Amino acid sequence: MTIVRILATVCALLFAALTAVVAAQPELALDLTLRWPATQHTGWLDITATVIRFAASQLPLIAVLPLTVVLLWRKRRRDSLLLLTSFAAVLVTSVAVKLAVARPRPLQGVSGFPAAADETSYPSTSVALCVIFWGLLAAFHRSLRLLAITFMALIGISRSYADDHWATDILGGYLIGASALATTLWIYHRKINDGRLASYADERAND
């Protein structure tokens, strides 16, 4: 799992560097250039973007507690703790950085989507939660990998399309999510190797 640990570290360092750039210069030419999805609006794309946002980023918030209960019911206490810890780490990090950077969102209203509840945009919490949730599902359920990859790819486009985030907000969300996902998987497999956790495959074989 050395590659996974390296990936977690690289993503964390890249996020720190990107955060420093955004904090120093909130308005980047790159973001203005990549804002074009917010100008490409049609009815069916609006509906698609709304569905993607719900399934990719809002569903994880709804599902995390039931999943934790299921893990506890199956006597996988450490797994449930790992799941909650990874979600909490992503959420707390995202909110803390948002408050510290205080980057304004793009001008909303032109797209026709309602304005976001909070006024700070960096990083995209929706993208980060999407990566950690669907990434974990993909890691343990091969049948969901294509769906998970699709959602993780489309959530960034949908956030830009809805004019909720700048491109670098979305990139920051991907970096947080990827770092948290890689860290969670590294810890999980390390505990399996140490004999403190039964692997998901072993549990299914014993069912």
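The values are calculated or read from the model by the stated rules, or taken from the named source; none is laboratory data. The structure displayed is predicted, hence computed values, not measured ones. Cβ sites come from the backbone with ideal geometry, for glycine too, and all protein chains shown count toward neighbours.
Below is a table of values for the structure above.
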item	result
Of the criteria (1) under 14 Å from the mean Cα position of the chain (by Cα); (2) modelled with pLDDT of 85 or more, which one Val97 fails	(1)
Tally of residues being under 9 Å from Ala49 (Cβ atoms) and out of contact with any Lys or Arg (no Cβ under 7 Å at 6 or more places or on another chain) across the stretch 145-161	4
Residue in the stretch 59-101 that is nearest to Leu171 (Cα to Cα), counting only those that are touching a helix residue (DSSP H, G or I) at 6+ places or on another chain (Cβ under 9 Å) and not in a helix (DSSP H, G or I)	Arg76
Residues being crowded, with 20+ Cβ neighbours inside 10 Å and either modelled with pLDDT under 90 or at positive phi (or both) - total across the stretch 115-124	1
Residue in the stretch 147-163 that is in contact with a Ser or Thr (Cβ under 8 Å, 6 or more places away or on another chain), assigned to a loop (DSSP other than H, G, I, E, B), modelled with pLDDT under 90 and not hydroxyl-bearing (Ser, Thr, Tyr) present	yes
Tabulated pairs, the stretch 161-177, first under 16 Å from Ile132 (Cβ atoms), second assigned to a loop (DSSP other than H, G, I, E, B) and at pLDDT below 90, C-beta under 8 angstrom, 6+ apart or interchain	Gly173/His165
Test for Gly156: is it closer than 24 Å to Gly43 by Cα and without any contact (Cβ under 8 Å) to a residue 60 or more places away in the chain	yes
Close pairs from the stretch 53-75: first in contact (Cβ under 8 Å) with a residue 60 or more places away in the chain and surrounded by 12 or more Cβ atoms within 10 Å (Cβ to Cβ), partner of a type in the set (Lys, Arg) and not in a loop (DSSP other than H, G, I, E, B), Cβ under 9 Å, at least 6 apart	Arg53/Arg159; Ser57/Arg159
Residues within the stretch 44-84 that are farther than 21 Å from Ala138 by Cβ and of a type in the set (Gly, Ala, Ser), tallied	1
